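Just below is one structure, and these are the notes that go with it.
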Amino acid sequence: MSAAAFRFPDALAGLPPAAPLDAGPVPPPGADPRARAWAVLRAVPDPEVPAVSVVDLGIVRGAEPLPGGGVRVTLTPTYSGCPATEAIERSVREALDAAGLGPVEVALRRAPAWTTDWITPEGRDRLRAAGIAPPGPAEAGGDGLAPLRFFARGADAPSVQCPRCASPRTEQLAAFGATACKSLWRCLACREPFEHFKPL
Amino acid sequence: MHASPIPDPAPDAQYLLRTGDTCLILAQRLAEWCGHAPVLEEDIALANMALDLLGQARALLTRAGQLGGPGRPVRDEDQLAFLRDERDFRNLTIAELPRGDFAVTVLRNAMVATLLRQLWHRLQDSRDAEVAAIAAKAVKEARYHQRHAADWAVRLADGTDESRRRMQAALRRLWPYRHEMFEAGDPVDEAAAASGLGPRWSELREPWHADMDALLAEAGLEPPADTPFRSTGRHGRHSEHLGPLLAEMQSLQRAYPGGVW
């Protein structure tokens, strides 16, 4: 928890930082600071899914240059308990500072709640290339009114396309995966297991 | 010795602590499964759900600490989690019961997630914008938890003779604790309803039963006959199981006050 005892960032602190993503050139100093900030942020990898950037995932909701210099970044956390939230804030700060765009103000905004519908088309391509099936449209009924449903199996199960061979013949192995945002699947055509970014 | 930081919180803070503490204590219980679940996938699932619940608890405890009432200092999430005494925790008793076997864990998760999903749904309309934002996120997580737990409950009830026997035993054990969720005429609930902070929990009884009845029907399980037993955790009067849980959860802060990881 934040101040006294357990600090989430340390769960990730021992890992080497993921390499910046190739997201195209950053405009030179002197160019429009907003465009520069977005270009820098597009290369900041998500600490838990480093194949995609924090912009690809839709976590960055705004990057506004401040009148007195510096930039204000608005982030929307993904899951309530996501241990990467603080690490994301730190890597955003470090990347913008390193590009000379600081001082950096980070605002965390909870509402509207993050949804996988905010993952960009480029982000979806990158997930697929990394062997992670991107999410389909977030389900309606997230407001809590829909009647209880069970995880569908067999013919009723929603189809998730295998990120390797593109076959729709896949099945869920486990509803939870290595991170809060993913479930585990396997392809019945190429027999490879893969992760699926859960629609949320 | 530490004085408990909010011995007598304002009704709004108490209202939020009921949910926040339920999430926190259940997260702690679920974390006990880490390395012990029947299969690796469920080990990971239980840890993931514990993490979601812990995140929800952190957000609500932070907010509750800001609503301590006139003349009371703001308390942060850590003070509330690690320095309060047993009587000042407002979680539902069902959350603190020992983790039991996998059937108990599955059924408890189903009962609590069903409540939380209904509660978060209503809290999205809270007059407190921060609470509404927390709820909008959490309702989706609770739905996923509910579905996962319900799925397992049906699978176990429909499995072997042994898994079915254990589900029936879990139902006999846990079903009486549902009454605490929906107790009517409670002043903290009334204050929250009046201020627009959130619904009376008693209003959640019907939708909760609609979902749980569907689950039990799908599983082919019969609820046990009703008894006069009523648990009282959300008033701070707990079972004998919360104390040892807190002794473990709070031991570091008690031994090294203010220590940082």
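Quick notes
- Against chain B, whose longest principal axis comes from its Cα atoms, helix B:161-174 is set at around 30 degrees.
- Choice from B:D52, B:D226, B:D189 with maximal GNM fluctuation in chain B (Cα, 10 Å cutoff): B:D226
- A Gaussian network model of chain B, with springs between Cα atoms under 10 Å, assigns the largest mean-square fluctuation among B:E96, B:E222, B:E183 to B:E222.
- Shape call, segment B:128-171: gyration tensor on alpha carbons, a/c limit 1.5: prolate
- Charge dipole of the protein assembly as shown about the Cα centre (unit charges at C-beta), most positive-ward option of A:W114, A:V71, A:P193: A:P193
- By the rule of a second cysteine Cβ within less than 4.7 angstrom, the protein assembly as shown holds isolated cysteines at A:C82, A:C181, B:C23, B:C34.
- Cβ-based charge dipole, segment B:82-122, positive-most Cα from B:A110, B:F82, B:G100: B:A110
- Take chain B with all the other protein chains still there, run a 1.4 Å probe, and you get 39 Å² of accessible area per residue.
- Database remark: amide H of A:G62 closer than 5 angstrom to the amide H of A:T74 (H placed geometrically; neighbours at sequence offset of 5 or more, or on other chains; Pro and chain starts carry no H).
- Nonpolar atom fraction for segment A:18-110, defined as the carbon and sulfur part of the 1.4 Å probe accessible area, stands at 55 percent.
- Cα gyration tensor category, rounded, prolate or oblate, for the protein assembly as shown with a/c compared to 1.5: oblate
- Cα gyration tensor, segment B:217-258 - rounded (a/c under 1.5), prolate or oblate: prolate
- Estimated buried accessible area (total), pair A and B, 1.4 Å, Å² to nearest 100: 4100 Å²
- Net charge of Cβ neighbours under 15 Å - reference A:A35; Lys, Arg +1; Asp, Glu -1: +1
- Per residue convex hull volume, Cα atoms of segment B:165-261, in Å³: 189 Å³
- Computed Rg/Rh of segment A:9-122, alpha carbon atoms with Kirkwood Rh: 0.94
- Each principal axis of segment A:72-120 carries a Cα extent, and these read 31, 20, 19 Å when sorted largest first.
- Within-12-Å neighbourhood charge of B:P244 [Cβ basis; K, R +1; D, E -1]: -4
- Estimated D of chain B in µm² per second, where Rh is the Kirkwood radius over Cα pairs and Stokes-Einstein applies at 10 °C, 1.306 mPa s: 85 µm²/s
- Kirkwood hydrodynamic radius (C-alpha pairs) into Stokes-Einstein, segment B:52-131, 10 °C and 1.306 mPa s, D in µm²/s: 109 µm²/s
- The phi torsions of segment A:176-183, fed into the Karplus equation with coefficients 6.51, -1.76 and 1.60 and a -60° offset, translate into couplings of 10, x, 5, 10, 4, 8, 10, 10 Hz, rounded to whole numbers, with Gly and Pro shown as x.
- Note on exposure: B:I44, A:I59 ranked by accessible area (1.4 Å probe, complete protein assembly) read B:I44, A:I59, with the most exposed listed first.
- For chain B, the longest principal axis of the C-alpha atoms and the axis of helix B:11-31 are separated by about 50°.
The values are calculated or read from the model by the stated rules, or taken from the named source; none is laboratory data. What you see is a predicted model, and the numbers here were worked out from it, not measured in a lab. We place every Cβ from the backbone using ideal geometry, glycine too, and count neighbours over all the protein chains shown. SASA here: full protein model, heavy atoms, side chains in, ligands and nucleic acids out. Shrake-Rupley method; radii C 1.70, N 1.55, O 1.52, S 1.80 Å.
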